[in-house]
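A.B. asks: Would you mind keeping the following structure in view while I ask a few things?
The values are calculated or read from the model by the stated rules, or taken from the named source; none is laboratory data. Please read these numbers as outputs of a predicted model, since none were measured by experiment. In this analysis, Cβ positions are derived from the backbone assuming ideal geometry, glycine residues included, and neighbour counts consider all displayed protein chains.
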Amino acid sequence: MSRSGKQLVLVGGGHAHMVTLARIPEFIRRGVGVTVIGPSDYHYYSGMGPGMLGGTYTPDQVRFATRRMVEKGGGVFVKERAVGVDPGTQAVILSSGERIPYDVVSFNVGSHISQKILGPGARDVFPVKPIEGLMAARDRILALARSKRPIIGIVGGGPSSAEIAGNVRQLVRNRGGMLPIIYIVAGTRFMARFPDRVRDRVQGTLTAWEIDILEGCRVREVASGSMVLDNGRRLATDLVFLAQGVKPSSLFQDSGLATGPDQGLLVNPFLQSVDHPDIFGGGDCIHFKERPLTKVGVYAVRQNPVLFHNLLARLTGEALLPFDPGGDYLFIFNLGQGRGVLKKGWMELSGRLAFQIKDRIDRRFMERFQTLERP
Ligand SMILES: Cc1cc2nc3c(=O)[nH]c(=O)nc-3n(C[C@H](O)[C@H](O)[C@H](O)COP(=O)(O)OP(=O)(O)OC[C@H]3O[C@@H](n4cnc5c(N)ncnc54)[C@H](O)[C@@H]3O)c2cc1C
(Lines give C-alpha, C1' and ligand atoms only; values in the text may rest on other atoms or scores of the structure.)
Protein backbone atom coordinates (compact mmCIF):
# COMPACT_ATOMS: atom_id res chain seq x y z
CA MET A 1 0.00 0.00 0.00
CA SER A 2 1.32 3.47 -0.87
CA ARG A 3 2.00 5.55 2.28
CA SER A 4 2.24 8.91 0.53
CA GLY A 5 -0.95 10.33 2.10
CA LYS A 6 -2.87 9.51 5.26
CA GLN A 7 -4.57 6.13 5.35
CA LEU A 8 -8.11 5.34 6.47
CA VAL A 9 -8.82 1.65 7.05
CA LEU A 10 -12.41 0.37 7.38
CA VAL A 11 -12.65 -3.11 8.88
CA GLY A 12 -15.95 -4.71 7.87
CA GLY A 13 -18.42 -3.19 5.47
CA GLY A 14 -21.38 -3.44 7.81
CA HIS A 15 -24.46 -1.30 8.35
CA ALA A 16 -22.62 1.52 10.20
CA HIS A 17 -20.11 2.01 7.36
CA MET A 18 -22.65 2.40 4.54
CA VAL A 19 -22.39 6.20 4.31
CA THR A 20 -18.60 6.21 4.65
CA LEU A 21 -18.34 3.58 1.89
CA ALA A 22 -20.62 5.64 -0.35
CA ARG A 23 -18.51 8.76 0.29
CA ILE A 24 -15.04 7.28 -0.24
CA PRO A 25 -14.38 9.80 -3.08
CA GLU A 26 -14.49 12.63 -0.50
CA PHE A 27 -11.53 11.07 1.34
CA ILE A 28 -9.66 10.38 -1.88
CA ARG A 29 -10.11 14.01 -3.02
CA ARG A 30 -8.41 15.11 0.21
CA GLY A 31 -5.45 12.83 -0.47
CA VAL A 32 -6.50 10.13 2.01
CA GLY A 33 -6.08 6.50 0.86
CA VAL A 34 -8.98 4.22 1.80
CA THR A 35 -8.67 0.46 2.36
CA VAL A 36 -11.66 -1.72 3.25
CA ILE A 37 -11.16 -5.18 4.73
CA GLY A 38 -13.93 -7.79 4.62
CA PRO A 39 -14.25 -11.58 4.25
CA SER A 40 -16.73 -11.32 1.36
CA ASP A 41 -17.28 -9.11 -1.68
CA TYR A 42 -20.82 -8.58 -0.36
CA HIS A 43 -22.50 -7.42 2.82
CA TYR A 44 -25.94 -8.86 3.65
CA TYR A 45 -28.68 -6.72 5.15
CA SER A 46 -29.88 -8.61 8.22
CA GLY A 47 -33.34 -7.01 8.24
CA MET A 48 -34.16 -8.92 5.05
CA GLY A 49 -32.27 -12.12 5.96
CA PRO A 50 -35.30 -14.07 7.22
CA GLY A 51 -37.23 -12.94 4.11
CA MET A 52 -34.42 -14.34 1.96
CA LEU A 53 -34.66 -17.62 3.87
CA GLY A 54 -38.41 -17.68 3.26
CA GLY A 55 -38.00 -16.98 -0.47
CA THR A 56 -39.56 -13.47 -0.43
CA TYR A 57 -36.25 -12.01 -1.59
CA THR A 58 -33.40 -13.31 -3.71
CA PRO A 59 -29.84 -13.03 -2.33
CA ASP A 60 -29.16 -10.23 -4.84
CA GLN A 61 -31.97 -8.17 -3.37
CA VAL A 62 -30.61 -8.28 0.18
CA ARG A 63 -26.90 -7.64 -0.33
CA PHE A 64 -24.62 -4.73 -1.03
CA ALA A 65 -21.73 -5.17 -3.44
CA THR A 66 -19.12 -3.83 -1.01
CA ARG A 67 -16.07 -4.50 -3.19
CA ARG A 68 -17.69 -2.85 -6.22
CA MET A 69 -18.67 0.22 -4.20
CA VAL A 70 -15.16 0.56 -2.71
CA GLU A 71 -13.35 0.18 -6.03
CA LYS A 72 -15.77 2.47 -7.83
CA GLY A 73 -15.04 5.14 -5.21
CA GLY A 74 -11.26 4.82 -5.67
CA GLY A 75 -10.52 2.70 -2.56
CA VAL A 76 -8.80 -0.67 -2.19
CA PHE A 77 -10.76 -3.76 -1.11
CA VAL A 78 -8.87 -6.53 0.70
CA LYS A 79 -10.84 -9.79 0.87
CA GLU A 80 -9.65 -11.00 4.25
CA ARG A 81 -10.67 -11.26 7.86
CA ALA A 82 -9.08 -8.99 10.47
CA VAL A 83 -7.93 -10.83 13.59
CA GLY A 84 -6.35 -8.00 15.58
CA VAL A 85 -5.17 -4.45 15.77
CA ASP A 86 -1.84 -3.13 17.01
CA PRO A 87 -2.38 0.45 18.22
CA GLY A 88 1.36 0.84 18.94
CA THR A 89 2.44 0.51 15.30
CA GLN A 90 -1.01 1.56 13.99
CA ALA A 91 -1.70 -1.59 11.97
CA VAL A 92 -4.64 -3.96 11.46
CA ILE A 93 -3.59 -7.61 11.52
CA LEU A 94 -5.19 -9.97 8.99
CA SER A 95 -5.72 -13.73 9.32
CA SER A 96 -2.92 -14.22 6.76
CA GLY A 97 -0.54 -12.38 9.10
CA GLU A 98 -0.36 -9.37 6.78
CA ARG A 99 -0.47 -5.98 8.51
CA ILE A 100 -2.39 -3.05 7.04
CA PRO A 101 -1.11 0.32 8.36
CA TYR A 102 -3.57 3.03 9.28
CA ASP A 103 -3.68 6.62 10.45
CA VAL A 104 -7.34 6.21 11.39
CA VAL A 105 -9.23 2.90 11.54
CA SER A 106 -12.91 2.12 12.02
CA PHE A 107 -14.37 -1.26 12.96
CA ASN A 108 -17.82 -2.44 11.91
CA VAL A 109 -17.32 -6.20 12.16
CA GLY A 110 -20.67 -7.09 13.71
CA SER A 111 -21.28 -9.92 16.12
CA HIS A 112 -21.55 -13.69 16.09
CA ILE A 113 -23.41 -16.50 17.79
CA SER A 114 -21.56 -18.76 20.17
CA GLN A 115 -21.29 -22.38 19.05
CA LYS A 116 -20.25 -23.71 22.46
CA ILE A 117 -23.38 -25.86 22.72
CA LEU A 118 -22.47 -27.92 19.63
CA GLY A 119 -21.75 -31.50 20.60
CA PRO A 120 -19.54 -33.90 18.64
CA GLY A 121 -21.01 -34.93 15.29
CA ALA A 122 -23.69 -32.19 15.24
CA ARG A 123 -24.57 -31.48 11.63
CA ASP A 124 -27.01 -29.33 9.69
CA VAL A 125 -26.62 -26.56 12.26
CA PHE A 126 -26.99 -22.98 11.04
CA PRO A 127 -26.23 -19.91 13.16
CA VAL A 128 -28.54 -17.05 12.11
CA LYS A 129 -25.45 -14.87 11.66
CA PRO A 130 -23.73 -14.41 9.28
CA ILE A 131 -26.87 -13.84 7.23
CA GLU A 132 -25.33 -15.43 4.11
CA GLY A 133 -25.43 -18.79 5.93
CA LEU A 134 -29.22 -18.71 5.64
CA MET A 135 -28.91 -19.46 1.89
CA ALA A 136 -27.37 -22.86 2.62
CA ALA A 137 -30.03 -23.48 5.30
CA ARG A 138 -32.76 -22.76 2.76
CA ASP A 139 -31.36 -25.30 0.27
CA ARG A 140 -30.98 -27.94 2.96
CA ILE A 141 -34.55 -27.49 4.27
CA LEU A 142 -35.97 -27.80 0.76
CA ALA A 143 -33.93 -30.95 0.15
CA LEU A 144 -35.19 -32.49 3.43
CA ALA A 145 -38.81 -31.51 2.78
CA ARG A 146 -38.82 -33.43 -0.51
CA SER A 147 -38.61 -36.78 1.27
CA LYS A 148 -39.98 -36.24 4.78
CA ARG A 149 -41.59 -33.86 7.20
CA PRO A 150 -38.46 -32.07 8.45
CA ILE A 151 -38.08 -31.33 12.15
CA ILE A 152 -36.51 -27.94 12.69
CA GLY A 153 -35.15 -26.87 16.10
CA ILE A 154 -34.48 -23.25 16.90
CA VAL A 155 -32.27 -22.40 19.88
CA GLY A 156 -33.21 -19.08 21.49
CA GLY A 157 -36.43 -17.16 22.01
CA GLY A 158 -35.80 -13.68 20.62
CA PRO A 159 -37.22 -11.97 17.54
CA SER A 160 -34.76 -13.60 15.15
CA SER A 161 -36.06 -17.04 16.25
CA ALA A 162 -39.61 -15.92 15.58
CA GLU A 163 -38.69 -14.56 12.14
CA ILE A 164 -36.74 -17.71 11.24
CA ALA A 165 -39.59 -20.02 12.35
CA GLY A 166 -42.24 -18.20 10.34
CA ASN A 167 -40.07 -17.96 7.27
CA VAL A 168 -39.05 -21.63 7.34
CA ARG A 169 -42.75 -22.45 7.28
CA GLN A 170 -43.36 -20.02 4.42
CA LEU A 171 -40.45 -21.47 2.44
CA VAL A 172 -41.73 -25.03 2.53
CA ARG A 173 -45.36 -24.05 2.10
CA ASN A 174 -44.63 -22.04 -1.05
CA ARG A 175 -42.22 -24.52 -2.55
CA GLY A 176 -44.49 -27.53 -2.16
CA GLY A 177 -42.60 -29.69 0.35
CA MET A 178 -43.91 -31.44 3.48
CA LEU A 179 -44.69 -28.81 6.12
CA PRO A 180 -42.00 -28.84 8.83
CA ILE A 181 -42.41 -29.48 12.53
CA ILE A 182 -40.81 -26.47 14.22
CA TYR A 183 -39.70 -26.12 17.87
CA ILE A 184 -38.44 -22.90 19.39
CA VAL A 185 -36.59 -23.50 22.65
CA ALA A 186 -37.02 -20.07 24.17
CA GLY A 187 -35.10 -20.11 27.46
CA THR A 188 -36.93 -18.58 30.41
CA ARG A 189 -39.56 -16.73 28.42
CA PHE A 190 -40.24 -16.17 24.71
CA MET A 191 -39.49 -12.56 23.57
CA ALA A 192 -38.90 -11.64 27.22
CA ARG A 193 -37.51 -8.16 26.50
CA PHE A 194 -40.66 -7.02 24.64
CA PRO A 195 -43.96 -5.72 26.02
CA ASP A 196 -46.57 -8.39 26.66
CA ARG A 197 -48.87 -7.20 23.89
CA VAL A 198 -46.12 -7.51 21.23
CA ARG A 199 -45.05 -10.86 22.59
CA ASP A 200 -48.65 -12.12 22.55
CA ARG A 201 -49.16 -11.04 18.94
CA VAL A 202 -45.99 -12.80 17.77
CA GLN A 203 -46.67 -15.90 19.85
CA GLY A 204 -50.31 -15.98 18.73
CA THR A 205 -49.35 -15.95 15.05
CA LEU A 206 -46.70 -18.65 15.42
CA THR A 207 -48.78 -20.98 17.56
CA ALA A 208 -51.69 -20.68 15.12
CA TRP A 209 -49.24 -22.12 12.58
CA GLU A 210 -48.47 -24.98 14.98
CA ILE A 211 -44.98 -23.76 15.77
CA ASP A 212 -44.14 -25.07 19.24
CA ILE A 213 -42.63 -22.57 21.68
CA LEU A 214 -41.02 -24.20 24.71
CA GLU A 215 -40.45 -21.85 27.65
CA GLY A 216 -38.65 -22.42 30.94
CA CYS A 217 -35.92 -24.55 29.39
CA ARG A 218 -32.68 -24.13 27.47
CA VAL A 219 -30.77 -26.25 25.02
CA ARG A 220 -27.80 -27.83 26.78
CA GLU A 221 -26.34 -29.46 23.71
CA VAL A 222 -27.02 -29.74 20.01
CA ALA A 223 -26.14 -33.34 19.29
CA SER A 224 -26.25 -35.40 16.12
CA GLY A 225 -29.94 -35.58 15.16
CA SER A 226 -31.28 -34.05 18.37
CA MET A 227 -31.25 -31.19 20.86
CA VAL A 228 -30.74 -32.02 24.53
CA LEU A 229 -32.55 -29.68 26.94
CA ASP A 230 -31.36 -28.75 30.42
CA ASN A 231 -34.37 -30.61 31.90
CA GLY A 232 -33.03 -33.80 30.34
CA ARG A 233 -35.58 -33.96 27.52
CA ARG A 234 -34.24 -34.85 24.07
CA LEU A 235 -35.94 -33.47 20.94
CA ALA A 236 -35.24 -35.20 17.63
CA THR A 237 -34.22 -32.70 14.92
CA ASP A 238 -33.16 -32.78 11.30
CA LEU A 239 -31.82 -29.23 11.22
CA VAL A 240 -31.07 -26.66 13.91
CA PHE A 241 -30.80 -22.87 13.86
CA LEU A 242 -28.74 -21.16 16.55
CA ALA A 243 -30.37 -17.88 17.56
CA GLN A 244 -29.50 -17.62 21.24
CA GLY A 245 -28.11 -14.07 21.12
CA VAL A 246 -25.10 -12.37 19.61
CA LYS A 247 -21.74 -11.31 20.97
CA PRO A 248 -19.00 -9.07 19.50
CA SER A 249 -15.82 -10.83 18.37
CA SER A 250 -12.92 -11.21 20.79
CA LEU A 251 -10.69 -9.23 18.39
CA PHE A 252 -10.58 -6.13 20.60
CA GLN A 253 -9.95 -7.96 23.86
CA ASP A 254 -7.28 -10.12 22.20
CA SER A 255 -5.60 -6.91 21.01
CA GLY A 256 -5.52 -5.43 24.51
CA LEU A 257 -8.01 -2.62 23.82
CA ALA A 258 -10.52 -1.41 26.40
CA THR A 259 -13.79 -3.33 26.00
CA GLY A 260 -17.23 -3.38 27.59
CA PRO A 261 -18.66 -6.32 29.55
CA ASP A 262 -19.85 -7.85 26.24
CA GLN A 263 -16.23 -7.65 24.91
CA GLY A 264 -17.26 -4.99 22.36
CA LEU A 265 -14.85 -2.12 21.65
CA LEU A 266 -15.45 0.45 24.41
CA VAL A 267 -16.23 3.77 22.73
CA ASN A 268 -16.94 7.31 23.97
CA PRO A 269 -19.78 9.52 22.64
CA PHE A 270 -17.72 10.16 19.46
CA LEU A 271 -17.74 6.42 18.64
CA GLN A 272 -14.01 6.55 19.38
CA SER A 273 -12.04 4.02 21.42
CA VAL A 274 -11.71 5.35 24.96
CA ASP A 275 -7.95 4.78 24.99
CA HIS A 276 -6.87 5.06 21.33
CA PRO A 277 -8.20 8.20 19.59
CA ASP A 278 -7.40 6.92 16.08
CA ILE A 279 -9.64 3.87 16.53
CA PHE A 280 -13.39 4.18 15.91
CA GLY A 281 -16.24 1.73 15.58
CA GLY A 282 -19.95 1.26 15.05
CA GLY A 283 -22.71 -1.36 14.99
CA ASP A 284 -22.88 -4.56 17.02
CA CYS A 285 -19.10 -4.70 17.66
CA ILE A 286 -18.95 -1.66 19.97
CA HIS A 287 -19.93 -1.06 23.56
CA PHE A 288 -21.23 2.52 23.80
CA LYS A 289 -19.95 3.68 27.20
CA GLU A 290 -22.61 6.36 27.78
CA ARG A 291 -25.46 3.91 27.50
CA PRO A 292 -25.19 0.28 26.38
CA LEU A 293 -27.17 -0.19 23.16
CA THR A 294 -29.28 -3.15 22.13
CA LYS A 295 -27.68 -5.05 19.26
CA VAL A 296 -30.05 -3.94 16.52
CA GLY A 297 -29.31 -2.65 13.06
CA VAL A 298 -31.25 0.53 13.81
CA TYR A 299 -28.37 1.90 15.92
CA ALA A 300 -25.77 0.89 13.35
CA VAL A 301 -27.75 2.75 10.68
CA ARG A 302 -28.16 5.83 12.92
CA GLN A 303 -24.40 5.91 13.55
CA ASN A 304 -23.57 6.32 9.84
CA PRO A 305 -23.43 10.12 9.48
CA VAL A 306 -21.56 10.62 12.79
CA LEU A 307 -19.02 7.93 11.97
CA PHE A 308 -18.44 9.39 8.50
CA HIS A 309 -18.04 12.90 9.92
CA ASN A 310 -15.71 11.83 12.73
CA LEU A 311 -13.42 9.73 10.54
CA LEU A 312 -12.96 12.65 8.17
CA ALA A 313 -12.63 15.11 11.08
CA ARG A 314 -9.95 13.00 12.82
CA LEU A 315 -7.96 12.87 9.57
CA THR A 316 -8.28 16.59 8.86
CA GLY A 317 -8.05 17.94 12.41
CA GLU A 318 -11.62 19.16 12.71
CA ALA A 319 -14.00 18.80 15.68
CA LEU A 320 -15.72 15.47 16.33
CA LEU A 321 -19.48 15.13 16.74
CA PRO A 322 -21.14 13.10 19.51
CA PHE A 323 -23.52 10.28 18.63
CA ASP A 324 -27.04 10.57 20.01
CA PRO A 325 -28.70 7.12 19.96
CA GLY A 326 -32.12 8.79 19.85
CA GLY A 327 -35.34 7.58 21.40
CA ASP A 328 -37.72 4.75 20.72
CA TYR A 329 -37.39 3.11 17.32
CA LEU A 330 -39.77 1.37 14.96
CA PHE A 331 -39.49 -2.38 14.94
CA ILE A 332 -41.31 -4.70 12.63
CA PHE A 333 -40.90 -8.45 12.65
CA ASN A 334 -41.35 -10.40 9.43
CA LEU A 335 -43.18 -13.55 10.53
CA GLY A 336 -43.57 -14.98 7.03
CA GLN A 337 -46.63 -15.52 4.86
CA GLY A 338 -46.87 -11.77 4.33
CA ARG A 339 -47.49 -11.05 8.01
CA GLY A 340 -45.65 -8.90 10.49
CA VAL A 341 -45.85 -7.34 13.92
CA LEU A 342 -45.04 -3.63 14.27
CA LYS A 343 -44.38 -1.44 17.30
CA LYS A 344 -43.41 2.20 17.58
CA GLY A 345 -44.14 4.00 20.84
CA TRP A 346 -47.79 3.41 21.67
CA MET A 347 -48.63 2.17 18.17
CA GLU A 348 -48.91 -1.56 17.55
CA LEU A 349 -50.07 -3.41 14.49
CA SER A 350 -50.02 -6.98 13.30
CA GLY A 351 -50.92 -8.68 10.05
CA ARG A 352 -50.37 -7.89 6.39
CA LEU A 353 -50.05 -4.13 6.67
CA ALA A 354 -47.23 -4.45 9.22
CA PHE A 355 -45.26 -6.66 6.83
CA GLN A 356 -45.98 -4.36 3.87
CA ILE A 357 -44.58 -1.38 5.78
CA LYS A 358 -41.41 -3.32 6.63
CA ASP A 359 -41.05 -4.55 3.07
CA ARG A 360 -41.31 -1.01 1.72
CA ILE A 361 -38.82 0.46 4.22
CA ASP A 362 -36.30 -2.34 3.65
CA ARG A 363 -36.54 -2.22 -0.16
CA ARG A 364 -36.07 1.57 -0.08
CA PHE A 365 -33.02 1.25 2.17
CA MET A 366 -31.47 -1.29 -0.21
CA GLU A 367 -32.30 0.76 -3.28
CA ARG A 368 -30.63 3.85 -1.78
CA PHE A 369 -27.25 2.12 -1.51
CA GLN A 370 -27.54 -0.38 -4.38
CA THR A 371 -28.03 2.54 -6.80
CA LEU A 372 -24.62 3.88 -5.75
CA GLU A 373 -22.78 0.63 -6.41
CA ARG A 374 -24.02 0.31 -10.01
CA PRO A 375 -21.42 1.06 -12.71
C1 LIG B 1 -32.03 -12.97 11.62
C2 LIG B 1 -31.79 -11.57 12.09
C3 LIG B 1 -32.69 -10.56 11.74
C4 LIG B 1 -32.48 -9.26 12.18
N5 LIG B 1 -33.38 -8.29 11.83
C6 LIG B 1 -33.20 -7.03 12.24
C7 LIG B 1 -34.11 -6.00 11.86
O8 LIG B 1 -35.10 -6.25 11.17
N9 LIG B 1 -33.87 -4.76 12.31
C10 LIG B 1 -32.79 -4.46 13.09
O11 LIG B 1 -32.62 -3.29 13.46
N12 LIG B 1 -31.91 -5.40 13.46
C13 LIG B 1 -32.07 -6.68 13.06
N14 LIG B 1 -31.19 -7.64 13.44
C15 LIG B 1 -29.99 -7.26 14.22
C16 LIG B 1 -28.91 -6.87 13.24
O17 LIG B 1 -28.50 -8.02 12.56
C18 LIG B 1 -27.63 -6.33 13.80
O19 LIG B 1 -27.84 -5.42 14.82
C20 LIG B 1 -26.87 -5.67 12.64
O21 LIG B 1 -26.52 -6.64 11.69
C22 LIG B 1 -25.63 -5.00 13.13
O23 LIG B 1 -24.98 -4.48 12.03
P24 LIG B 1 -23.40 -4.50 11.95
O25 LIG B 1 -23.05 -3.75 10.72
O26 LIG B 1 -22.81 -4.07 13.23
O27 LIG B 1 -22.99 -6.04 11.81
P28 LIG B 1 -23.13 -7.05 10.60
O29 LIG B 1 -24.39 -6.83 9.88
O30 LIG B 1 -22.87 -8.39 11.18
O31 LIG B 1 -21.94 -6.67 9.62
C32 LIG B 1 -20.59 -6.94 9.93
C33 LIG B 1 -19.76 -6.98 8.66
O34 LIG B 1 -18.40 -7.17 9.03
C35 LIG B 1 -17.81 -8.25 8.30
N36 LIG B 1 -16.84 -8.89 9.20
C37 LIG B 1 -17.13 -9.72 10.23
N38 LIG B 1 -15.97 -10.10 10.83
C39 LIG B 1 -14.97 -9.49 10.18
C40 LIG B 1 -13.55 -9.46 10.36
N41 LIG B 1 -12.95 -10.17 11.32
N42 LIG B 1 -12.81 -8.74 9.50
C43 LIG B 1 -13.42 -7.99 8.53
N44 LIG B 1 -14.75 -7.98 8.33
C45 LIG B 1 -15.52 -8.70 9.14
C46 LIG B 1 -18.99 -9.15 7.94
O47 LIG B 1 -18.71 -9.90 6.78
C48 LIG B 1 -20.12 -8.14 7.73
O49 LIG B 1 -20.15 -7.68 6.40
C50 LIG B 1 -31.36 -8.95 13.00
C51 LIG B 1 -30.46 -9.98 13.35
C52 LIG B 1 -30.66 -11.26 12.90
C53 LIG B 1 -29.69 -12.34 13.28
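A.B. asks: If you go through the stretch 163-171 one residue at a time, do you hit one that is in contact with a helix residue (DSSP H, G or I) (Cβ under 9 Å, 6 or more places away or on another chain) and on the phi > 0 side of the Ramachandran plot?
C.D. replies: Among the residues of the stretch 163-171, not one is in contact with a helix residue (DSSP H, G or I) (Cβ under 9 Å, 6 or more places away or on another chain) and on the phi > 0 side of the Ramachandran plot, which makes the answer no.
Okay, residues lined up against (1) closer than 21 Å to residue 59 by Cα; (2) surrounded by 15 or more Cβ atoms within 10 Å (Cβ to Cβ); (3) modelled with pLDDT under 95:
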site	(1), (2), (3)
310	no, yes, no
315	no, yes, no
325	no, yes, no
329	no, yes, yes
333	yes, yes, no
345	no, no, yes
359	yes, yes, no
362	yes, yes, no
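A.B. asks: Mind listing just one residue for me: the one in the stretch 248-288 that is aromatic (Phe, Trp, Tyr) and either more than 14 Å from the ligand (Cβ to nearest atom) or under 22 Å from residue 115 (Cβ atoms) (or both) and, of those, surrounded by the most Cβ atoms within 10 Å (Cβ to Cβ)?
C.D. replies: Our first condition is that a residue be aromatic (Phe, Trp, Tyr); within the stretch 248-288, this holds for 252, 270, 280, 288.
Filter once more, so that each one left must be either more than 14 Å from the ligand (Cβ to nearest atom) or under 22 Å from residue 115 (Cβ atoms) (or both): 252, 270.
Numbers: 252: 26, 270: 19.
Checking each candidate, the answer is 252.
Listed here are the residues, each with its yes/no results for (1) without any contact (Cβ under 8 Å) to a residue 40 or more places away in the chain; (2) touching a helix residue (DSSP H, G or I) at 6+ places or on another chain (Cβ under 7 Å); (3) more than 25 Å from residue 246 (Cα to Cα).
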| residue | (1), (2), (3) |
| --- | --- |
| 269 | no, no, no |
| 301 | no, yes, no |
| 324 | yes, no, no |
| 346 | yes, no, yes |
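A.B. asks: Determine if the stretch 66-74 includes at least one residue that is in a loop (DSSP other than H, G, I, E, B) and more than 13 Å from the ligand (Cβ to nearest atom).
C.D. replies: Just the residues of the stretch 66-74 that are in a loop (DSSP other than H, G, I, E, B), to begin with: 73-74.
From the residues that got through so far, the ones that are more than 13 Å from the ligand (Cβ to nearest atom) too are 73-74.
Yes, the stretch 66-74 has at least one match.
A.B. asks: Further, regarding this structure: If a residue has to be buried (at least 17 other Cβ atoms within 10 Å of the Cβ) and more than 8 Å from the ligand (Cβ to nearest atom) to count, how many in the stretch 28-40 make the cut?
C.D. replies: Final tally of qualifying residues: 5.
A.B. asks: Restricting to the stretch 98-119, give me the number of residues that are farther than 20 Å from residue 44 by Cα, aliphatic (A, V, I, L, M) and within 16 Å of the ligand (Cβ to nearest atom).
C.D. replies: Looking only at that region, the number is 2.
A.B. asks: Residue 52 versus (1) of a type in the set (A, V, I, L, M, F, W, C); (2) more than 12 Å from the ligand (Cβ to nearest atom); (3) at pLDDT 95 or above: which is the lone unmet condition?
C.D. replies: (2)
A.B. asks: Given the conditions (1) closer than 20 Å to residue 33 by Cα; (2) within 19 Å of the chain's Cα centre (by Cα); (3) crowded, with 20+ Cβ neighbours inside 10 Å, which single one is not true for residue 81?
C.D. replies: (3)
A.B. asks: A further question follows. Scan the stretch 17-53 for residues that are within 25 Å of residue 126 (Cβ to Cβ) and part of a helix (DSSP H, G or I) and jot them down.
C.D. replies: 46, 47, 48, 49, 50, 51, 52, 53
A.B. asks: Okay, next question. Would a scan of the stretch 263-273 turn up a residue that is assigned by TED's automatic domain parsing to the domain that holds residue 185, outside any loop (DSSP other than H, G, I, E, B) and among the β-branched types (Val, Ile, Thr)? Please lay out each step first, then the result.
C.D. replies: Going residue by residue through the stretch 263-273, those that are assigned by TED's automatic domain parsing to the domain that holds residue 185 are none.
No, because not a single residue in the stretch 263-273 is assigned by TED's automatic domain parsing to the domain that holds residue 185, outside any loop (DSSP other than H, G, I, E, B) and among the β-branched types (Val, Ile, Thr).
A.B. asks: Which residues, counting only those in the stretch 138-154, are more than 16 Å from the ligand (Cβ to nearest atom) and in a helix (DSSP H, G or I)?
C.D. replies: 139, 140, 142, 143, 144, 145, 146, 147
A.B. asks: Would you tally the residues in the stretch 120-137 being more than 13 Å from the ligand (Cβ to nearest atom) and modelled with pLDDT under 95?
C.D. replies: Of the residues in the stretch 120-137, 4 are more than 13 Å from the ligand (Cβ to nearest atom) and modelled with pLDDT under 95.
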